[in-house]
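Participant: Pasting in a structure now, in structure tokens, and then I'll have a few things to ask.
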Amino acid sequence: MNVLEMAGVTRDHGTGAALVRALRGVDLTVAEGEFVAVMGPSGSGKSTLLRLAGGLDRPTEGTVRVAGTDLAALDGRRLAAVRRRDAGYVFQDLNLIATLTAAENVMLPLELDGVRTRRARAEALAVLERVGLADVAGRFPDDLSGGQRQRVAIARALVGERRLVLADEPTGALDSVTGDDVLRLLRARCADGAACLMVTHDARHAAWADRVIFLYDGRIDASAAAPLPEAAR
Ligand SMILES: Nc1ncnc2c1ncn2[C@@H]1O[C@H](COP(=O)(O)OP(=O)(O)OP(=O)(O)O)[C@@H](O)[C@H]1O
Ligand SMILES: [Mg+2]
């Protein structure tokens, strides 16, 4: 089953002389269990693609479906529910809440979805342990290193059973060993049935994916979108 289906998606910012076409007619599907990497130069539309896939932004033209539901058909409340329940998001600039501890940041999507505090805390601690942060769960983001903050953001995207994981440069502030650990976690989540879409500038990280798409100037370069050989992983 396709978890994500984008068809003819265009996103314009601004109007007139200030018009920026961030995406132009993008078609992309990501199936259950599939791990897709997105590469491309700065400004080519990678973050815009992820934001649209997660319902954080709406397309100017075209349709975005998550688990078969056309996001354009949802009112604000139901769209917010899809964002919480179906999509886990690692933001390029992390977006951790400074007044919440690492554990509380990871618990937040569960609590917003009505999970009781005790269970949300237990699940958050289990994911923090998997990303190697059990011992700093009680610290606030300002008291963590850049790499630790990044892993908190990843834990927040993995907690619960979200079937679409969207990660914008999730390995950016990590050394290569910790970066590989994060990729292993994303792969494991795909093996559990999630669909993962990850932006990366690093070809070695893209090699963990089943498929790599290249964006240039808001378009997918079809000629470059070859599946990776098993041996590259
Ligand atoms: N809110 C906005 N208003 C106006 N233009 C925007 C907005 N968001 C993005 N853009 C423009 O859309 C284009 C694509 O931006 P996007 O952030 O998707 O690029 P990117 O591929 O993620 O780049 P990077 O690798 O630097 O993160 C850029 O030209 C950017 O300036
Ligand atoms: Mg970006």
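The values are calculated or read from the model by the stated rules, or taken from the named source; none is laboratory data. Values in this document were obtained by computation on a predicted structure and should not be read as measured data. No Cβ is skipped: glycine too gets one built from the backbone with ideal geometry, and neighbour counts run over all protein chains shown.
Participant: Can you give me the number of residues within region 33-64 that are away from ligand 1 (no atom under 11 Å from the Cβ) and part of a strand (DSSP E or B)?
Facilitator: Total satisfying the criteria: 7.
Participant: Considering Leu164, Leu183, Leu174, Leu144, which residue is in contact with a Phe, Trp or Tyr (Cβ under 6 Å, 6 or more places away or on another chain) and either more than 16 Å from ligand 1 (Cβ to nearest atom) or among the aromatic types (Phe, Trp, Tyr) (or both)?
Facilitator: Leu183
Participant: Going by the conditions given, is Leu4 within 16 Å of ligand 2 (Cβ to nearest atom), at pLDDT 95 or above and either loosely packed, with under 14 Cβ neighbours inside 10 Å or under 18 Å from the mean Cα position of the chain (by Cα) (or both)?
Facilitator: On the way: within 16 Å of ligand 2 (Cβ to nearest atom): no; at pLDDT 95 or above: yes; either loosely packed, with under 14 Cβ neighbours inside 10 Å or under 18 Å from the mean Cα position of the chain (by Cα) (or both): yes.
Spelling it out, it is not the case that Leu4 is within 16 Å of ligand 2 (Cβ to nearest atom), at pLDDT 95 or above and either loosely packed, with under 14 Cβ neighbours inside 10 Å or under 18 Å from the mean Cα position of the chain (by Cα) (or both).
Participant: Out of curiosity, is Pro170 within 16 Å of ligand 2 (Cβ to nearest atom), out of contact with any Ser or Thr (no Cβ under 6 Å at 6 or more places or on another chain) and within 22 Å of Ala194 (Cα to Cα)?
Facilitator: Here the answer is yes, as Pro170 does meet what is asked.
Participant: Please enumerate the residues belonging to region 135-167 that are modelled with pLDDT of 95 or more and assigned to a helix (DSSP H, G or I).
Facilitator: If the condition is that a residue be modelled with pLDDT of 95 or more and assigned to a helix (DSSP H, G or I), then Asp135, Val136, Pro141, Asp142, Asp143 are the ones that fit.
Participant: What are the pairs with Cβ atoms under 8 angstrom where one residue, in region 24-42, is closer than 12 Å to Met6 by Cβ and the other, located anywhere, is in a loop (DSSP other than H, G, I, E, B) and acidic (Asp, Glu)? Sequence gap at least six, or different chains.
Facilitator: As it stands, the answer is Val36/Asp210, since those pairs meet every condition given.
Participant: Pairs under 8 Å by beta carbon, first residue among the acidic types (Asp, Glu) in region 159-172, partner within 16 Å of ligand 1 (Cβ to nearest atom) and part of a loop (DSSP other than H, G, I, E, B), six or more apart or different chains?
Facilitator: Asp168/Phe91; Asp168/Gln92; Glu169/Gln92; Glu169/Thr200; Glu169/His201
Participant: Shifting gears a bit: Checking the condition within 15 Å of ligand 1 (Cβ to nearest atom) and either farther than 14 Å from Leu215 by Cβ or β-branched (Val, Ile, Thr) (or both), which residue from Thr10, Thr29 passes?
Facilitator: From the options Thr10, Thr29, the qualifying one is Thr10.
Participant: Here is a further query. Those residues that are of a type in the set (Val, Ile, Thr) and modelled with pLDDT of 95 or more, I need them from region 7-27; list them, please.
Facilitator: Step one: list which residues in region 7-27 are of a type in the set (Val, Ile, Thr), which gives 9-10, 15, 20, 26.
The answer is Val9, Thr10, Val26.
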